[in-house]
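One structure below.
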């Protein structure tokens with residue numbers, strides 16, 4: 001039996017359990033850094049499959065590193081499992097998690113035969129918290145030569161664009177006063193936020209088409225008859241790359257400073273997590289994945305310029321700056337529902353979502369086998385890190 005057949009056989013032995021794992025995570029959504037059940041379920045599945053599992057990796061309680069094999073080429077498969085507040089797994093991290101475990105189990109069976117060390121790295125808080133950035137900085141990816149993961153989307157794409165992003169909280173502090181009897185005694189923190197948002201709206205005429213500015217008000221005041229003494233908002237800014245991100249972040253912060261200057265309120269800015277870098281897909285690795293996915297019946301339509309406008313962000317971008325990486329998206333036939341909609345969450349526990357678990361896991365496992373078996377690619381990867 002060749003390595004790919006052996007890997008597929010091992011995956012098929014766990015197929016039903018992995019689909020059930022995907023559904024279980026989907027039914028019990030947990031937000032970033034609180035993914036206690038999901039992390040435990042993944043770690044248990046890998047430990048039962050023969051992996052050496054270190055839980056609470058990098059001083060992050062819901063992170064883990066699971067390792068199998070002892071070959072010279074070290075491949076990391078990233079698992080995400082956090083949900084979105086309020087709308088659950090509307091980005092399909094349950095599929096990502098189960099596919100990562102499935103790929104790991106499949107590769108573990110043949111790892112020593114093909115010359116691989118396999119790490120499944122459980123990375124919390126992708127939706128806001130930068131788990132991969134923290135784990136990269138703290139050594140979880142030390143010695144890894146290449147990294148990969150798959151992410152659900154309406155349709156398949158091999159090198160989908162992911163742009164740089166920064167998230168921060170702004171807080172204005174003013175002074176409360178009776179809004180009718182003594183308004184002149186107050187400093188209106190809500191007005192400061194209104195001025196900032198108006199300034200951002202005007203700024204949008206003068207930014208690049210690939211830039212994004214968006215946010216929510218998390219605190220607007222306490223009562224309508226009290227001048228708001230404190231307000232808060234969370235914002236995300238995005239740009240094509242880290243250099244552009246620095247520029248748009250600075251211009252956006254000037255808008256918040258304008259709110260403080262106009263009203264007399266005090267402004268504080270708190271970074272939520274380190275910036276997410278733009279994703280640099282390793283083109284050669286992406287083509288290897290594509291060939292394997294196509295064998296499984298996956299299709300990769302030509303989106304043209306449309307795909308450029310549909311760019312999200314991910315902390316996998318930071319991993320891609322440190323080592324050759326891929327982050328293909330895998331279709332779950334959800335249209336017109338798209339990521340971060342409740343309707344998309346519903347699609348992530350359907351037959352199409354289950355097929356994404358299967359195809360994503362097998363395609364990644366076969367890709368790992370091909371990378372280890374190609375002397376030129378293997379040498380390039382091992383020399384690049």
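The values are calculated or read from the model by the stated rules, or taken from the named source; none is laboratory data. Keep in mind it's a predicted model, so treat the numbers as computed, not measured. Every residue, glycine among them, receives a Cβ derived from its backbone with ideal geometry; neighbour counts consider all protein chains shown.
Some notes on this structure:
- Exactly one residue out of 187, 200 is outside the structural domain of residue 64 (by TED's automatic domain parsing), within 21 Å of residue 248 (Cβ to Cβ) and either surrounded by fewer than 21 Cβ atoms within 10 Å (Cβ to Cβ) or touching a helix residue (DSSP H, G or I) at 6+ places or on another chain (Cβ under 6 Å) (or both): that is 200.
- Listing of helices (runs of 4 or more DSSP H) fully contained in region 231-321 that carry 1 or more residues being in contact with a helix residue (DSSP H, G or I) (Cβ under 8 Å, 6 or more places away or on another chain) and not assigned by TED's automatic domain parsing to the domain that holds residue 371: 242-263
- All told, residue 54 meets the bar of being within 24 Å of residue 319 (Cβ to Cβ), assigned by TED's automatic domain parsing to the domain that holds residue 292 and surrounded by fewer than 23 Cβ atoms within 10 Å (Cβ to Cβ).
- Residue count for region 209-219, restricted to those that are assigned to a loop (DSSP other than H, G, I, E, B) and within 18 Å of residue 255 (Cα to Cα): 1
- Which listed residue is modelled with pLDDT of 95 or more, assigned by TED's automatic domain parsing to the domain that holds residue 146, more than 27 Å from residue 333 (Cβ to Cβ) and under 17 Å from the mean Cα position of the chain (by Cα), from 99, 76, 90, 111: 76
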